[in-house]
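The values are calculated or read from the model by the stated rules, or taken from the named source; none is laboratory data. Everything numeric here is computed off the predicted structure, so don't read it as measured data. Neighbour counts run over all protein chains shown; Cβ positions are idealised from the backbone, glycine included. Note: accessible area is taken over every heavy atom of the protein model, side chains too, but ligands, DNA and RNA are not part of it. Shrake-Rupley method; radii C 1.70, N 1.55, O 1.52, S 1.80 Å.
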Amino acid sequence: MSLEIKVPAVGESITEVTIGQWFKNSGDYVEMDEVICELESDKATFELTAEAAGVLTTKAEAGDTLEIGAVICEIDTNASEGDAAPAEEKKEESKPAEKTSNGGGKTGEVKDMVVPTVGESITEVTLATWLKEDGDFVELDEIIAEVDSDKATFELPAEAQGILRHVAAEGDTLEIGGMICKIEVVEGDAPSESAGESTAETTPSSNGDSYAAGHASPAAAKILAEKGIDAKSVKGTGKDGRITKEDAEKAQKPAPKPAAPQASKAPAKEAAPEAPKVAGERNTKREKMTSLRKTISKRLVAAKNETAMLTTFNEVNMKPIMDLRKQYKEMFKEKHNVNLGFMSFFTKAVCVALQEWPAVNAQIDGNELVYHDFCDVSIAVSAPKGLVVPVIRNAEALSFDQIEKEVVRLATKARDGKLTIEEMTGGTFTITNGGIFGSMMSTPIINQPQSAILGMHNIVERPMAVNGEVKILPMMYVALSYDHRIIDGRESVSFLVRVKQLLEDPARLLLGV
């Protein structure tokens, strides 16, 4: 019986693929699940496996572009291994070498790994980094890659022990459930990398003119097209000389050849003055936005467009807090093993003010207003991959040292990319401190669905009029951006004035006045 093998569906938006190369020739005998060719889409490269054992008959050539569902080859399932075409004597000779190399315990089973579910609202992720190379031996549960979602970075552990085969490339965006890699399952120790794989690799390279030589992958071809670079001018470092995405990114457009001097003609009327030549390079670089950056972009624009955002300002004399810190910071650190910073004062002051002005701690849900009797304060942290906002739960019930310890814990996890989704959701009010970067004044953007955000800034000594006298005081501007749909001007201004009172007289935080 002749079994037709059709191009499988490899993604919702992919309608056609290109045959990269055949690993088996027409007339070869193939085993079930044996990889017979490599397919390339505009997003990734895939391996096509035999759906049954038998003699292979190809219906398309390497380089052909086929639609999804088109017949790519046939397998005569009634034929035996002895019926294979005799022209493959070389492969017959090479088979014993493969068997000796497979003595490392390959079971023949291939484990397909797909993108796991990482959160209810997350529908796609971006493959950030492969921690293991294609062809590496990996242990069960060993971390093989990092993937970025729009909220956090996750580590991907191996689901089996064996040889890793990449399916997706770094930078690819994959839907949840999409194929990311395969693992050729191995029992026992790692197989020796001797004859088997080396013969497979040296065979095509021996003649030096394989299909892959100088051929750009879809991602690389797209980058080269954007740069206006001919693939023929790029030397590929991939398998069999294939041009990889990294080759394309590193490729530079060759400098234009100097114009050939024109033959002397009639004397020019008047030589136009030449533009001055300026030394130096004018390179540009394009980078694909990460999922996290795209989400930050969408949320910030949505906050500007979907809320009636307004900002009110005030200024705070920081001298009382600075004096208090100077007096007790050593005792505080000795007793609580954490530094006494400004964030605990601001968090405590904000919690008191939020309970007195509950609209600032509320949010809009459809046609309803949701008020909270707790204060889950989000703190904006600049992480290496972008801005993240972990949450201090029930901050109104925490002491100064508990707040400082929670800030240190969350900021450390943010910088290490270890924050969980639960730690970044559910805040009711946000504090952001642009002062650590030197900002003197700004208008922070609301962290939806919250209704307000407090911006801290740097501390600058300025002359202030105090009881008819000019004094030099350490001052900080504070800004409250709020959604005017839910918070009136009286409430926003009164909230900020209350925060100012509590910060300029910290004793009020202890006495509740």
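Side notes on the structure shown:
- Using a Förster distance of 22 Å, the FRET efficiency for Asn305-Arg393 (Cβ separation, nearest 0.05): 0.15
- Taking packing as the residue-averaged number of other Cβ atoms within 10 angstrom, the listed peptides 301-313, 241-253 run from highest to lowest as 241-253, 301-313.
- Segment Thr237-Glu142, length gained on full extension (0.36 nm per residue, minus Cα span): 31.5 nm
- Charge tally in the Cβ shell below 11 Å around Ala62, where Lys, Arg are +1 and Asp, Glu are -1, Ala62 excluded: -4
- Stokes-Einstein diffusion for the stretch 439-513, with the hydrodynamic radius set to the Kirkwood value over Cα pairs and evaluated at 37 °C in a medium of 0.692 mPa s, equals 230 µm²/s.
- Residue-averaged [θ]222 nm for the chain, counting only DSSP H segments that reach four residues, each worth -39500 (n - 2.57): -8000 deg cm²/dmol
- Separation of the Ala190 and Gln501 label points, Cα + 7 Å toward Cβ, nm: 6.8 nm
- Total formal charge among the other residues, if their Cβ is under 15 angstrom from that of Arg282, Lys/Arg +1 and Asp/Glu -1: +4
- When peptides 487-499, 320-332 are ranked by their average number of other Cβ atoms within 10 Å per residue, the highest-first order is 487-499, 320-332.
- According to the Kirkwood relation over distinct C-alpha pairs, the hydrodynamic radius of the chain is 28.5 Å.
- Residues in the stretch 471-513 average 44 Å² of solvent-accessible surface per residue, probe 1.4 Å, ligands and nucleic acids excluded.
- Sorted largest first, extent of the stretch 256-408 alpha carbons per principal axis (Å): 90, 50, 31
- Contour minus Cα-Cα distance for Glu249 and Lys285 (0.36 nm per residue): 12.1 nm
- Rough spin-label spacing in nm, given labels placed 7 Å along Cα→Cβ, for Met32 and Thr443: 6.8 nm
- Virtual spin-label span in nm between Ala70 and Lys333, 7 Å along Cα→Cβ: 7.0 nm
- Residue among Gly105, Thr173, Thr443 farthest towards the positive dipole end of the chain, charges placed on Cβ: Thr443
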